[in-house]
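So the structure is just underneath, and the comments pick up after that.
The values are calculated or read from the model by the stated rules, or taken from the named source; none is laboratory data. Since we're looking at a predicted model, the values are computed, not measured. Because the Cβ atoms are built from the backbone with ideal geometry, glycine has one as well, and the counts that use them run over all protein chains shown. Heavy atoms of the whole protein, side chains included, go into the accessibility calculation; ligands, DNA and RNA do not. Shrake-Rupley method; radii C 1.70, N 1.55, O 1.52, S 1.80 Å.
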Amino acid sequence: LVLDKNGQKMSKRLGNAVDPFETIATYGADATRWYMISNSQPWDNLKFDIEGVAESRAKFFGKLFNTYSFFALYA
């Protein structure tokens, strides 16, 4: 079950639902997947926060891109 950052169930009625297509278009599918995998244990409910996806993209994928760029430049 995907919950919002406050722990409430996401729904359009409450206004806390996130459009997945907009999230993927903005941050990318890999960053979204990585955030959803690494944010919680498989048996726990996922607390989804859009700032967490941005942080995941900046930290993990930023380092990965910089490492590849360094290797490509000096290989």
Residue-count net charge about Asn39 - beta-carbon cut-off 14 Å; Lys, Arg +1, Asp, Glu -1: 0
Rounded tilt (10° steps) of 62-74 against the dominant C-alpha axis of the chain: 10 degrees
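For the chain, which whole-number percentage of the solvent-accessible area (1.4 Å probe, protein heavy atoms only) is attributable to carbon and sulfur atoms? Before the final figure, lay out each step's value.
Details: 3530 of 5980 Å².
The computed percentage sits at 59.
Hey, with R₀ at 30 Å, roughly what FRET efficiency would Ala75 and Asp30 work out to, going by the Cβ-Cβ distance, to 0.05? Walk me through the numbers on the way to the answer.
On the way: r = 23 Å, r/R0 = 0.77.
E between Ala75 and Asp30, to the nearest 0.05, is 0.85.
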Rel. contact order, % - alpha carbon contacts under 8 angstrom, at least six apart, the chain: 33 percent
In sequence order, calculated HN-Hα J values of segment 2-8 (Karplus, 6.51, -1.76, 1.60; Hz; x Gly/Pro): 9, 10, 7, 5, 8, x, 8
Cut-off under 5 Å, modelled amide H: who pairs with Ala17 long-range: Ser11
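Can you bin segment 4-58 into rounded, prolate or oblate? Criterion: square roots of the alpha carbon gyration tensor eigenvalues sorted a ≥ b ≥ c, rounded for a/c under 1.5, prolate for a/b above b/c, oblate for the rest.
Details: a/c = 2.04, a/b = 1.17, b/c = 1.74.
It comes out oblate by the Cα gyration axes.
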Built amide H within the under 5 Å cut-off of Lys47, gap 5+: Leu3
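Can you tell me the dipole magnitude for the chain around its Cα centre, using point charges on the Cβ only (Lys, Arg +1; Asp, Glu -1), in Debye to the nearest 20? Intermediate values should be presented prior to the final figure.
On the way: 9 positive and 8 negative charges, 17 e Å.
Dipole magnitude for the chain comes out near 80 debye.
Would you calculate a helix-derived [θ] at 222 nm for the chain, using -39,500 (n - 2.57) for each DSSP H run of n ≥ 4 and dividing by the full residue count, to the nearest 500?
It comes out at -14500 deg cm²/dmol, rounded to the nearest 500.
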Estimated vicinal HN-Hα couplings, Hz - segment 45-57 in sequence order (Karplus 6.51, -1.76, 1.60; Gly, Pro = x): 6, 8, 8, 8, 9, 5, 5, x, 5, 5, 5, 4, 5
Sites Ser38 and Lys5 - FRET efficiency at Förster radius 22 Å, r taken between beta-carbons, to 0.05: 0.90
Helix 29-38 vs. the chain, principal-axis angle (Cα, 0 to 90°, nearest 10): 70 degrees
FRET efficiency estimate (nearest 0.05) - Cβ-Cβ, Glu51 to Asp19, R0 25 angstrom: 0.95
